[in-house]
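Some notes on the structure that comes next.
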Amino acid sequence: LAGRGWRTGAIGNPGRNCDGATAQHWGALAPEPLARLAAQLGPVDAVVHCAGGSSVGPSLQDPARDFERTVTSTLHVLEFMRAHAPKARLVLLSSAAVYGAANVEPLHEDLPKRPISPYGEHKAKAEDLVAQWSTETGASVTALRLFSVYGAGLRKQLLWELSRRALAGEDPLTLFGAGEERRDFIEIGDAVELIVRAADLSAQPPLVMNGGSGRATTVRALAQALLDALGCKQELKFNGEVKPGDPTTMVADTRRAEAFGFKASVALQDGLARYAAWARAAR
């Protein structure tokens, strides 16, 4: 956003750099720090709410913490906007986890929200809060339901775990599930492009929009492609155990995003090649 001429500010956890931001505040996402940030920035035109839980596993281990990070943080953002930016555009980063185990491919935005994990439930509640805010105030909002975002810098989830284990020489490499689970992987550059488009005040985004590539990839194919990109030759196995909160298929219907002018452009092979190069340097 800063690179496109926006005056930007950031608030979040310590240690997260935000190069180019006009103002920054590292600490708890709460109304008072947000107000101080706004005082430094001046009038606020758009708020991109990225804070919150980021995966199913931690939400199962500590649902209360995940609720605080996702639902309570959204309430704080809305209270800040009520006082300081009532007409600003709000972009909420949500998740495909709100669909739950719909077992429909592709997943379209009009499907009911039936999450099967605390993570998905809390994202659904955040969406409801934002929609209610829009109804009450007339403000422009959009919830972006991101699918499997990946890219250089991601130090968690399957790609990071598999990279570490493969580069350490583990053989065979055994992963959860059957390997035939189908996912929609969107590279971080494409995800950012969608977020920036949604924040741009020159266009009106829909209330809810999927953020995916629209392409289905099995976990087995993804894992093998990453091993190939890493130059690793280990045998790949799956233990058949299904993780709680893990649907069989999660692939985006991207027609609404395409009508809005967005289409993912990074091929999975290219994105994995960049991730593999970063993972080798980061180990």
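The values are calculated or read from the model by the stated rules, or taken from the named source; none is laboratory data. Here the structure is a predicted model, which means the values were calculated and not measured. Cβ: placed from backbone, ideal geometry, glycine included. Neighbour counts: every protein chain shown. The protein model used for the area step is the full one, side chains on, heavy atoms only, and it has no ligands, DNA or RNA in it. Shrake-Rupley method; radii C 1.70, N 1.55, O 1.52, S 1.80 Å.
Any residue that is of a type outside the set (Gly, Ala, Ser), at pLDDT 95 or above, under 17 Å from GLY179 (Cα atoms) and buried (at least 17 other Cβ atoms within 10 Å of the Cβ) - is there at least one of those in the range 251-269? Even if it seems obvious, please write down each step before you answer.
Within the range 251-269, the subset of a type outside the set (Gly, Ala, Ser) is 251, 253-256, 258, 260, 262-263, 266, 268-269.
Next, only the ones that are at pLDDT 95 or above stay: 251, 253-256, 258, 260, 262-263, 266, 268-269.
Within this subset, residues satisfying the condition of being under 17 Å from GLY179 (Cα atoms) are 251.
So of that shortlist, the ones also buried (at least 17 other Cβ atoms within 10 Å of the Cβ) come out as 251.
Checking the range 251-269: at least one residue is of a type outside the set (Gly, Ala, Ser), at pLDDT 95 or above, under 17 Å from GLY179 (Cα atoms) and buried (at least 17 other Cβ atoms within 10 Å of the Cβ).
Just checking, which of GLU136, GLU68, GLU127 is among the acidic types (Asp, Glu) and under 20 Å from ARG197 (Cβ atoms)?
After applying the criteria, what remains is GLU127.
Somewhere in the range 218-233, is a residue assigned to a strand (DSSP E or B), within 30 Å of PRO118 (Cβ to Cβ), basic (Lys, Arg) and in contact (Cβ under 8 Å) with a residue 40 or more places away in the chain? Show your work before the answer.
Filtering the range 218-233 for residues assigned to a strand (DSSP E or B) gives 218.
Narrowing the set further to residues that are within 30 Å of PRO118 (Cβ to Cβ) leaves 218.
Checking which are basic (Lys, Arg) leaves us with none.
No, there is no match, as no residue in the range 218-233 is assigned to a strand (DSSP E or B), within 30 Å of PRO118 (Cβ to Cβ), basic (Lys, Arg) and in contact (Cβ under 8 Å) with a residue 40 or more places away in the chain.
Given (1) in a helix (DSSP H, G or I); (2) out of contact with any Phe, Trp or Tyr (no Cβ under 9 Å at 6 or more places or on another chain); (3) aliphatic (A, V, I, L, M); (4) open to solvent by less than 60 Å² (accessible area, probe 1.4 Å), where does ALA83 come up short, assuming only one miss?
(4)
Hey, any hits in the range 131-151 for a residue that's hydroxyl-bearing (Ser, Thr, Tyr), in contact with a helix residue (DSSP H, G or I) (Cβ under 9 Å, 6 or more places away or on another chain) and closer than 17 Å to VAL56 by Cβ? Walk me through how you get there before you give the answer.
First pass over the range 131-151, keeping only residues hydroxyl-bearing (Ser, Thr, Tyr): 134-135, 137, 140, 142, 148, 150.
Then drop every residue that is not in contact with a helix residue (DSSP H, G or I) (Cβ under 9 Å, 6 or more places away or on another chain), which leaves 137, 140, 142, 148, 150.
So of that shortlist, the ones also closer than 17 Å to VAL56 by Cβ come out as 148, 150.
For the range 131-151, residues hydroxyl-bearing (Ser, Thr, Tyr), in contact with a helix residue (DSSP H, G or I) (Cβ under 9 Å, 6 or more places away or on another chain) and closer than 17 Å to VAL56 by Cβ: present.
Which of the residues spanning the range 254-267 are touching a helix residue (DSSP H, G or I) at 6+ places or on another chain (Cβ under 7 Å) and either within 17 Å of LEU227 (Cα to Cα) or part of a helix (DSSP H, G or I) (or both)?
Across the range 254-267, the qualifying residue is only ALA257.
To keep it simple, each residue is scored yes or no on (1) in contact with a strand residue (DSSP E or B) (Cβ under 6 Å, 6 or more places away or on another chain); (2) not polar (S, T, N, Q).
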position: ALA131; (1), (2): no, yes
position: SER148; (1), (2): yes, no
position: GLU170; (1), (2): no, yes
position: LEU173; (1), (2): yes, yes
position: PHE176; (1), (2): no, yes
position: ILE186; (1), (2): yes, yes
position: ALA199; (1), (2): yes, yes
position: ALA203; (1), (2): no, yes
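Restricting attention to helices (runs of 4 or more DSSP H) lying wholly within the range 93-205, give those where 3 or more residues are open to solvent by 10 Å² or more (accessible area, probe 1.4 Å) and free of Cβ contacts under 8 Å to residues at least 60 places away in the same chain.
118-137
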